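Since the structure comes first, as structure tokens, the remarks are kept for the end.
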């Protein structure tokens with residue numbers, strides 16, 4: 001028989017409940033999920049996922065937004081039926097998008 005040990009941790013109640021919901025959807029209980037985390041840390045000899053600052057997540061989201069906008073622009077540029085805009089119209093659209101993004105990230 002494998003010897004077991006108890007770990008007692010304190011965690012925010014909302015975090016615990018939300019994690020339990022996610023784990024239940026995967027068919028796991030909290031103990032199994034934590035056991036998997038610890039086993040992966042042992043195997044990989046590191047935290048088994050990348051830890052980033054909130055700033056990095058914001059930058060990644062911004063980069064994804066820019067890439068999506070560039071992809072859309074390329075599709076429009078190559079579409080012979082696309083609506084064409086003047087420089088002034090493009091600047092106005094970009095300013096509106098920037099203002100909308102600024103409100104979301106504020």
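Summary table
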{"read-out": "Test: residue in the range 38-55 that is within 22 Å of the chain's Cα centre (by Cα) and touching a residue at least 24 places away in the same chain (Cβ under 8 Å)", "value": "no"}
{"read-out": "Some residue of the range 20-33 being exposed (fewer than 11 other Cβ atoms within 10 Å of the Cβ), part of a loop (DSSP other than H, G, I, E, B) and at pLDDT below 85", "value": "no"}
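The values are calculated or read from the model by the stated rules, or taken from the named source; none is laboratory data. Just so you know, these numbers come straight off a predicted model, no measurement behind them. Note: ideal-geometry Cβ built from the backbone for every residue, glycine included; neighbour counts use all protein chains shown.
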